[in-house]
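For reference, the structure is listed below as structure tokens.
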Amino acid sequence: MKIYHLVASELKRLTATSMAKLALVALMAVPILYAGLYLWANNDPYGNLKDIPVALVVQDTGSTLDGKPVNYGQQVQEQLLKDGAVGWQVTSAEDAATGVRDGEFDFILTLGPDFSNALTSAGGNAPQQAVVQLTTNDTNSFLATTIAGQVAEKVRVSITEQVGKEAALQLLNGFAEVRTNLTDAVDGAGQLADGAGSALTGAQSLQTGAQALTTGAHALATGASSANDGAQQLNSGLQQLAAGSADLPAQAAALNDGAQKVAAGNASLSTQASQIATTVQDATNQASALHAQIVAQINSSALTDAQKAQLLSLADQVDTAVVDGNTKVQNATVQIGTLAAGSAELAAGTQKLADSAPALSNGIASAASGASQLADGTAQLAEGSAQLVSGAQQLTDGSGQLATGLGTLDTGIGTLKDGLSSGLDEIPNQTADQREAAASTISDPVAVDSSAVTKASNYGAGMAPFFISLAAWIGIYALFLIVKPLSRRAVTAFKKPALVTTAGWATPAVLGGIQMAAVFAVVTLALGYQVQHGWGMIGFMVLTSATFAAIILALNILLGSVGQFLGLVLMVLQLVTAGGTFPWQTLPGPLQVLHNVLPMSHAVDGIRQLMYGGNLDLAAGDTAALFYWLLGALAISYLGARRLTRHRTLRDLRPSLIG
């Protein structure tokens, strides 16, 4: 007898009666119902979040921003209702609290009265965080609480991005205004630097003119002093002459000689006085022109009004003193000229003095009076020229200080201009559109550019490899409730353990393959999941089912009904360690070891690689692992069947509790 006959005999036994056929069909449908219904129920739960009832409570009273009323709470409400990520229901705080306790709402999202005030508080002295209050109730659904946290985080990120963009835009607009003002400041600093340079040049010219004025004033003072000495000598001589005029007739000859000398001295004095008068007049003219320049330079300088007034007062004093001194000098020169002419006439008239002694005596008295006036005038000229020297020196010192101060000012203004220009270069010159784009970038600086090497079409497709593998185990486990692991009659009759073992494995393996084909049809046709390597996946599913059949066969041959129970325990253990829901790296250390060893882990990974279009080398490794389990389980089954061909135990003769 061959394997085919043994398999056919077992199938005939399983379909011998209507009840047997019904039982076989029911058990064959177990993995289809399990995988199909579970994947159908969880096909796209995230796509149906819009049906989750969520209470939205907005109590925001609003605030003001830049003098305009704002209400971020209402804006958030409108955005949430527009997006419709969940089933938002706007309600009061009291109704929301009652609803979340009674299960009417899964959770509550509340925006308090101070929501807008908190968001706008960053521009004041007491900034505070705005609070999005989340109220959950795990009795409604623990996963709903997890979803609530994700929804609240998305709301928080959205609010942060919106408010951050407005704040960043306000900041950038402020920088743009600062840049405009700074540009004006740079231009003004340039103009100020030009003015300071001109003022410095004028101050230097003023200093040069003041030094020339001082030199001229010194010359004037020296000439005035000489003129005063001569006038004093003349006055003294005339006074003596007047005193001695009573003896004029007797002394006429002597007087004529003296008169000639006086005439010559007066002529010389007149010449010197004329030269001095010319020099003084030139100095006065220069001083007047210089005074006008000084006044213009002071008025156009960057000095304070007080400093300008002080310098203008000093310049006016100097100019007045110069003009007064010049007037006195010119008057004295005229008088000296008159004196010189008189002396000449005196010399000419000395010959007639004897004949006209009385008239001469009167003339001498008049000359003495004029000489006295001349002495007084030259004294005043000397005093005025001394004051002119002092004023000119003060003007020289002041113009020097002015030039030094303007030099420092010019250097400082240059430094200011350079600093303002450097600062201006550091501020971006952005248009309104560029500032808008920059504000968006500042408020949301990081974007996630996600790319997938492989991708499941939805949540159900993501869970399919795990539930297909679990369905394969459950299907084989259910089949062994009616399929006999070994034909005891064949074991006794043929004593060929390899033949009997292969036949015992082939029956559930064939039925499991049919189950996997049906599950594959449900996954691809009924649920519409995409499969990248269809033939490879269905072949891998059949191998998975055959491997599970070999494992449960080995447990049944070795331990009987206890082995059948251990098959259930092993299923639970693999359900935990297969990594079908959470990454297997999150498991405790001992369970991670079991994950790498147990067959369902390789089944889940292999189906993922083939279904999503992943790494075929990894799928080949998973295939090899299942083959090792298959061969190992068949080897153990063979050893068990071989033991039965040699001897029996009381346990072998005792009927199984399962059947």
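Those helices (runs of 4 or more DSSP H) of segment 65-140 in which at least 1 residues are within 23 Å of Val157 (Cβ to Cβ) and among the charged types (D, E, K, R), considering only elements entirely within it, cover 72-83.
Candidates Ala517, Ala509: the one that is assigned to a helix (DSSP H, G or I), surrounded by fewer than 17 Cβ atoms within 10 Å (Cβ to Cβ) and at pLDDT 90 or above is Ala517. Output the number of the condition that Leu558 fails; it satisfies all remaining conditions of (1) surrounded by fewer than 23 Cβ atoms within 10 Å (Cβ to Cβ); (2) without any contact (Cβ under 8 Å) to a residue 40 or more places away in the chain. Leu558 satisfies all of (1) surrounded by fewer than 23 Cβ atoms within 10 Å (Cβ to Cβ); (2) without any contact (Cβ under 8 Å) to a residue 40 or more places away in the chain except (2).
Looking at segment 478-493, can you tell me whether even one residue there is part of a helix (DSSP H, G or I), among the β-branched types (Val, Ile, Thr) and at pLDDT 80 or above? There is no residue in segment 478-493 that is part of a helix (DSSP H, G or I), among the β-branched types (Val, Ile, Thr) and at pLDDT 80 or above.
Being in a helix (DSSP H, G or I) and loosely packed, with under 14 Cβ neighbours inside 10 Å is the requirement here; does Leu49 meet it? Give the steps one after another, and end with the answer.
On the way: in a helix (DSSP H, G or I): yes; loosely packed, with under 14 Cβ neighbours inside 10 Å: no.
No: the conditions fail for Leu49.
Tell me which residues, restricted to segment 602-618, are of a type in the set (Gly, Ala, Ser) and surrounded by fewer than 22 Cβ atoms within 10 Å (Cβ to Cβ). Show your work before the answer.
Residues of segment 602-618 that are of a type in the set (Gly, Ala, Ser), as a first pass: 603, 606, 613-614.
Gly613, Gly614 - these are the residues of segment 602-618 that are of a type in the set (Gly, Ala, Ser) and surrounded by fewer than 22 Cβ atoms within 10 Å (Cβ to Cβ).
Quick check: anything in segment 533-553 at pLDDT below 90 and assigned to a loop (DSSP other than H, G, I, E, B)? No, segment 533-553 contains no residue that is at pLDDT below 90 and assigned to a loop (DSSP other than H, G, I, E, B). Among the residues of segment 244-257, is any modelled with pLDDT of 70 or more, closer than 26 Å to Lys328 by Cα and in a helix (DSSP H, G or I)? The answer is no; no qualifying residue exists.
Given the criteria under 17 Å from Ser158 (Cβ atoms) and in a loop (DSSP other than H, G, I, E, B), does Ala148 qualify?
It is false that Ala148 is under 17 Å from Ser158 (Cβ atoms) and in a loop (DSSP other than H, G, I, E, B).
Suppose the filter is surrounded by fewer than 21 Cβ atoms within 10 Å (Cβ to Cβ), assigned to a helix (DSSP H, G or I) and in the same structural domain as Val531 (by TED's automatic domain parsing); does Leu591 pass it? Here the answer is yes, as Leu591 does meet what is asked.
Here is a yes/no grid of residues against (1) of a type in the set (Val, Ile, Thr); (2) surrounded by fewer than 16 Cβ atoms within 10 Å (Cβ to Cβ); (3) out of contact with any Cys (no Cβ under 7 Å at 6 or more places or on another chain); (4) at pLDDT 75 or above:
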| residue | (1), (2), (3), (4) |
| --- | --- |
| Ile3 | yes, no, yes, no |
| Leu6 | no, no, yes, no |
| Ala29 | no, yes, yes, yes |
| Tyr38 | no, no, yes, yes |
| Val76 | yes, no, yes, yes |
| Leu81 | no, yes, yes, yes |
| Val86 | yes, no, yes, yes |
| Thr91 | yes, no, yes, yes |
| Phe107 | no, no, yes, yes |
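Does segment 568-580 contain at least one residue that is surrounded by 20 or more Cβ atoms within 10 Å (Cβ to Cβ), assigned by TED's automatic domain parsing to the domain that holds Phe466, under 56 Å from the mean Cα position of the chain (by Cα) and under 17 Å from Met28 (Cα atoms)? No, that holds for no residue.
The values are calculated or read from the model by the stated rules, or taken from the named source; none is laboratory data. Here the structure is a predicted model, which is why all the values come from computation and not from measurement. FYI the Cβ positions are ideal-geometry reconstructions off the backbone, even for glycines, and counts take in every protein chain you see.
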